[in-house]
Every structure is written in C-alpha cells, then in structure tokens.
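Worksheet for the structure shown next.
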Amino acid sequence: THRKNVIGFSTDIQQNIATTATKQAIQLSRLKYAPLLRNSLSAARDAIREREELSPFVQEAEKRINLALSGQSGGLGEAVAGVANKASFFWFLSGASSALIQPSSVFISGLPVLAGNYNDTAGAAKELGKMTLLVNQYSIMRTNSDGTTSISAPSIANNKSLPADERRAISEMVSRGVAESTYASMVWGYQRTPTESTYFSLDKGFANIPVAVGKGKKLANFLVGALMHNTERLSREAVYLAAYRLGKKQGLSYDAAVQKAVESTNESLGNYDVTNKPRFMQQGIGKVAFQFKTYPLQMTLLLLTNFKRMLPFLNKEGKKEAATKFFGMMGTSFLLAGASNMALFSPIIGLVGWAWSKMSAEEDWPEELKDISFESWFRFVFLPEKLGDVKIGGVPVSDIIDRGPLNAITGYDIASRIGLNDLWGRDSKETKTSRESAIAFILDNFAGPTASLLLGFADAWDAYALGDYQKMQEKLAPAAIRNLLVANKYADDGMKT
C-alpha cells in the first residue's frame, strides 16, 4: 500500500493466488511430512542403538531435516549470498560458450552411467543417439487458447508424437523437478516457474511474461540465465527419456522404470537441489565460496565411488557396472577432449612424473630430458615425434590425441572447457614470489568466484590508472561482452604474451 502510484492491494488476482498458493504450499508440506520425518529419525535411532558406528549418519540426517523444517531461508546473510552468486554467474557464465558446451555431458557422463546401470552399452548409445534426432521435434511454437501463436522454452514435453506411457513418464519427470535441477535454476530460481508458463507471444510481445513470471526483476533473471538453463535442461530430458526406454526394454514396470530413470539422470548429470549439497555449501560463506564447486564435487564422487566399487575384495556385487562407468567416463572424456583433458589425467601423469623425476637424477639420464616435466615431454615431444607426421584432414594425429577431435575439427579450444581433468581448479597465474603464489592459489581455489569478481574490479581500476582502457573494459564487462572484446583484440593484435 505504500508503493508509489499504487492505491490499496494488488488487483492482479492470478498473481495473488499464485503467490499465496506458493507460500502456503511450503507450510502445508512441512505440516504433512514433518511428523513422518521425525518418526523416521526416532526409528533410525532405535535401529542403531547397538551400532554406534552408524550414529554419524543419523546425526547428519537429523541436522538436514532440522535445516529443512526450520524455515530459515531468509536473513541478511542469505540475501548477500544470493546477490553474490547471481553477480558471479552473470560475470563468468553469461557467455554463450558456457551454455553451448552443456550437451557434451550427455556423451561424457550420460552414456557411461546408462551403459552401467542398464548393462547395455550399445542400447544406451542407440537411445541417446535417438535423442539427438528428437531434439528437432522439441517445438518451441505453441498455439494459445485465443488462437495466437507463442514461443515457449523448448522442451521434450512439447512433443505430441511420443507414446502415451512416455508422455506420462515425462509428466512425472516434470513433477519431480528432474529436468529443472540445473545450475542456472539453482542460482536464478527457475524451479519455481513452470517451463510452459514462460513464453513470448508473437501477437502480444512480452505482454504475457509479467503475468506468468512476475515483475521485471524475474524477467531479467530469466533472460540472463535462460540459454544456460535450457541447454542444461534439454540434456537432462534426453538422458531421462533414454533411461526410461532402456528400463522398459529390460521389462521394468512403469514405476520402476521412472524411478531408475530419475536416479540415472541425477547420477550422470548431477542433482543441483540445495538439499543434495553438503550443509556447509548450503548457506552463508560456504554458499558463496563454493558456488562453482557443485559439479566438480558430483563428478569426483561419481568417479571415485565407482573406482572403489570395482576394486577386488571391497565389493562383492556391481563390479562390472562400476567398471563400465569409471572406464567409460575416462574413455568418453578422452574421445571428445583428448588425453590432456581426460578424467584423472593429472593424477595419472603426476604418478608417472614422480618416477620420471627420480630417474632424471641419474647420471646417465639424457641431458635434454633433465629440465622438462614428463607431461611436457609426453605432449610436446613424444606425441609429435611419433605421430606428428601422420595427418587426418590436415590435422596431426598427435594433436587429435592430445586435445581431442573437436578442437581439430573446429579450430576452437573446446576440449579444455568440456574435459574432466581440471575439475577443481586450473593453474594460477605466475607470480614473482612464493607469498604471492600462495595468495593467488588461496584466492583462486577457496575464496570463490565473488572474490575473483571483486579483484577484477580492482584490476580494472589499475588498468584505468595506467591508461590501458582496453584491459579496463575487459575486466569490467560480463562474460557475454568480455569474450567478444578479447576475441576482437586477439584478431587485431595477435597474442603478445
């Protein structure tokens, strides 16, 4: 009632009902499920009374349930964390390249997980291959009830030619929020807005969006993260439907096939729901510092868990399934991104490099090899010498093995963006002293993207003071603009460092 030019309550009945229903739904869920959760905790405590080694798991479950039921979702700390995360997303991930690389995860992690879970590598590859053809049918045009035509967010749910049970399974996917569990939705809250509710009418322009989405702030959020969100979501939809079909071919019931498809999608592409994170990453400083660490955490756990499960004497069942996933992800990441970006390349090469450093201390070790690391020798000496003269389409085979076929075919550095090697952080910039090197490492790996954003503003000020306006613009601009500025500079001036 105190807003400018607004007298009394809002007359937007649809918005009022939607807002009220959303707020009440949260409380009704707590009223319904809180007793069930408390009773389950009580039963769990009774069950482990003689098994103290299991008490940490029950204690962790109790802490998570208390956090979910407490309703402490607001506060200054949460508001600051939300603003910081959105600013970091906008500055670092708003470029088109961040969105366009998302479908690569369907092949890199989706294929191995489906092959392992359904024990059918050929079938998984075939079904995922069908998804690439089906994407052309993800119609983004829709006819409204009043006869007007609109553009909606592309979704497999728009396909009307699928069998009835698959359309029902897709509805189940939507209701469970499987496809909407993306990184962009975690930051911008897209899970609160149904896909079919956000559209642009060819006849009425953006007039529909304030009704369906809310105020201009939500529209801005949607426009900033929409490309990233939709490419992630389409990837999840493709894996889900392929998994459902594989489950039905195995003879699973509808409910079992849906449940296994949900689990396979979350396993292969990650589950970005806040409840799936460690508690220290859910709120406050941890939410800001580890904003970009959810995907590395999930992929690392996927690799290490399956590595452990496939080892002898540690697990009696599921060794073949685990080995399929582990070696499958190493293979798919190698096939797309090359050896240098393959999963676990650095640990493997590091172990061999340790042996290399021991041998380089020997007197009879070749002099030209004493001052070079094993990784550098392997990538820039051994491969070019052995395979550099062999070319495919004018590209040396050594380059294809090192950085993958996508780099060779396109001429762009795609491999370093889609690989699974440097999940937890890349090398810091070179510094003059050990102190500066330690500070740079801590800032890059533990301070989070928000610290890098603030330091970027400081670098922009220094560039301005020195009269380097090109660098100032690069440091101040978000990724969508900065990438164009940098590309234009390289095109005009070339690489100078």
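Remarks
- Average accessible surface area per residue within the range 9-123, 1.4 Å rolling probe, Å²: 61
- Take the Cα of K308, go 7 Å toward its beta carbon, and the backbone nitrogen atoms of the range 254-277 under 19 Å from that spot belong to 267-268, 270-271, 276-277.
- Formal net charge of residues neighbouring L31 (Cβ-Cβ distance under 14 Å; K, R +1; D, E -1): +4
- Cα→Cβ-extended label distance, 7 Å offset, between S253 and I392, nm: 4.7
- By accessible area, using a 1.4 Å probe on protein heavy atoms only, the range 230-276 has 49% of its surface on carbon and sulfur.
- Annotation: extensible slack from D371 through L351 equals 5.4 nm (criterion: 0.36 nm per residue apart, minus Cα-Cα distance).
- Overall shape: oblate for the range 360-429, with the ratio a/c of the largest to smallest alpha carbon gyration tensor axis at 1.5 or above and b/c at least equal to a/b.
- Accessible area (Å², 1.4 Å probe, nearest 10) - R309: 70
- In a reduced charge model with +1 at each Lys and Arg Cβ and -1 at each Asp and Glu Cβ, the range 224-306 shows a dipole moment near 40 debye about its Cα centre.
- Placing pseudo-labels 7 Å out from each Cα toward the beta carbon at Q15 and E436 gives an inter-label distance of 5.3 nm.
- For the residue pairs K358/K432; K248/K293; K386/K489, alpha carbon separations beyond 30 Å are given by K248/K293; K386/K489.
- Cα centroid separation - the range 251-276 against the range 311-350, whole Å: 22
- Net length gained if the chain between Q59 and V381 were fully extended (0.36 nm per residue, minus Cα distance): 110.5 nm
- Other residues lying with their Cβ under 14 Å from the Cβ of L311 contribute a combined charge of +4, Lys and Arg counting +1, Asp and Glu -1.
- Relative to the current alpha-carbon distance between A323 and K130, full extension at 0.36 nm per residue lengthens the span by 67.0 nm.
- Across K130/K160; K86/K277; K86/K130, pairs whose alpha-carbon gap is larger than 25 Å: K86/K130
The values are calculated or read from the model by the stated rules, or taken from the named source; none is laboratory data. Being a predicted model, the structure only gives us computed values, none of them experimental. All Cβ positions, glycine included, derive from the backbone under ideal geometry; neighbour counts span all protein chains shown. Only protein heavy atoms, including side chains, enter the accessible area calculation; ligands, DNA and RNA are left aside. Shrake-Rupley method; radii C 1.70, N 1.55, O 1.52, S 1.80 Å.
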